[in-house]
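Enquirer: Let me give you the structure first, and then I'll get to my questions.
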Amino acid sequence: MSSLLRLSRLIDWINERVGRSVMWLVLIAVVISAGNALVRKLFNTSSNALLEIQWYLFAAIFMLAAGYTFLRNEHVRIDILTSRLSPRGQNIVDILGILFFLLPMAGLILWLSWPIVMMSVASGEMSQNPGGLIRWPVKMLLPLGLALLVLQALSELIKRVAFLTGHGPNPLQKKSVGAATGDLVAAIKAQREGGAK
């Protein structure tokens, strides 16, 4: 179990880094969107490339952050039934969901989308809009994002099994808002004390 938990930590580290990097794409998308709107209003012109890059950035944010969101346990849930279960029951429900829904769905989409993505790469597919962008990079986000999500699903599966077998903490336990705020305050104080020396 310890080697599986090391693998889980490695996957968590990868998705943590990807997720934190993807956060910057939100800012970039907002700046491009605002700039495009300004140019359209002030100069009565626009660019298909700028519009398409906004769509590409949204796709990148959505696909590449799926694993990070799962790592943070922030996906939308319907907790009407599971909130009444014990922590053990909640983890069992999650294991069943990962095994019978998430992994088969992601595997099926990967299997069906791969030929389409490869055909787009091989043909150098371009947008049909005048001044548009190449299409294969945005299509490549689908298998890449799903691969990160599948990896995170495996990590979450390992953590839930570790909890059920007594080898790890409850992965569904969230820190309270107060605890997270306390952690942030402690980190800021530590940084200030380090900078003052």
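The values are calculated or read from the model by the stated rules, or taken from the named source; none is laboratory data. Keep in mind that this is a model prediction, so the values were computed, not measured. As a convention, Cβ positions derive from the backbone with ideal geometry for all residues, glycine included, and neighbour counts pool all protein chains shown. Accessible surface areas use protein heavy atoms only, side chains included; no ligands, DNA or RNA. Shrake-Rupley method; radii C 1.70, N 1.55, O 1.52, S 1.80 Å.
Enquirer: Tell me the label-point distance for the pair VAL30, GLN54, using the 7 Å Cα-to-Cβ offset, in nm and rounded to one decimal.
Expert: 1.5
Enquirer: LYS189: which aspartates and glutamates have alpha carbons under 12 Å from its alpha carbon, excluding same-chain residues fewer than 8 sequence positions away?
Expert: Output for LYS189: empty list, no partners.
Enquirer: Something else about it: Using helices alone, I'd like the mean residue ellipticity at 222 nm for the chain: each DSSP H run of four-plus residues gives -39500 (n - 2.57), total over residue count, nearest 500.
Expert: The per-residue figure over the chain is -26000 deg cm²/dmol.
Enquirer: Please get the size of the charge dipole for the range 1-150, origin at its Cα centre, with Cβ charges of +1 on Lys and Arg and -1 on Asp and Glu, quoted in debye to the nearest 20.
Expert: Using only the charged Cβ atoms, the result is roughly 200 debye.
Enquirer: Using the Kirkwood radius built from alpha carbon pairs, what does the Stokes-Einstein equation give as D for the chain at 10 °C and 1.306 mPa s, in µm² per second?
Expert: D = 80 µm²/s.
Enquirer: Also: First select every other residue whose beta carbon is under 12 angstrom from the beta carbon of VAL93; then total the charges, Lys and Arg +1, Asp and Glu -1.
Expert: Net charge around VAL93: +2.
Enquirer: Of TRP136, MET23, PRO87, whose Cα points farthest to the positive end of the dipole of the chain (charges on the beta-carbon: +1 Lys, Arg; -1 Asp, Glu; origin at the Cα centre)?
Expert: PRO87
Enquirer: What is the angle, in °, between the Cα long axis of helix 87-97 and the longest principal axis of the Cα atoms in the chain? Nearest 10 is fine, range 0 to 90.
Expert: Tilt relative to the chain: about 40 degrees.
Enquirer: Let me ask something additional. Give the carbon-plus-sulfur fraction of the accessible surface of the chain in %, rounded to a whole number; probe 1.4 Å, heavy atoms of protein chains only. Mind dumping the intermediate values first?
Expert: Numbers: 9030 of 12800 Å².
Within the chain, the accessible surface is 71 percent carbon and sulfur.
Enquirer: Residues of the chain: accessible area per residue at 1.4 Å, in Å²?
Expert: About 65 Å² of surface per residue is accessible.
Enquirer: With θ taken as phi - 60° and the coefficients 6.51, -1.76 and 1.60, list the Karplus ³J(HN,Hα) couplings across the range 70-75 in order, rounded to whole Hz; mark glycine and proline as x.
Expert: 3J(HN,Hα) across the range 70-75, in whole Hz: 5, 4, 7, 6, 10, 5.
Enquirer: So how tilted is helix 48-64 from the main axis of the chain? Cα-based, degrees 0 to 90, rounded to 10.
Expert: 10
Enquirer: For LYS41, give me every one of the aspartates and glutamates with a C-alpha distance below 20 angstrom, ignoring sequence neighbours fewer than eight places off in its own chain.
Expert: By straight Cα distance, LYS41 reaches GLU52.
Enquirer: Give, rounded to the nearest 20 debye, the magnitude of the charge dipole that the range 1-70 has about its Cα centre when Lys and Arg contribute +1 at Cβ and Asp and Glu contribute -1 at Cβ.
Expert: 100
Enquirer: Continuing with this model, one more query. Could you tell me how many degrees, from 0 to 90 and to the nearest 10, lie between the Cα long axis of helix 2-43 and the main elongation axis, the longest principal axis, of the Cα atoms of the chain?
Expert: Tilt of helix 2-43: around 30 degrees.
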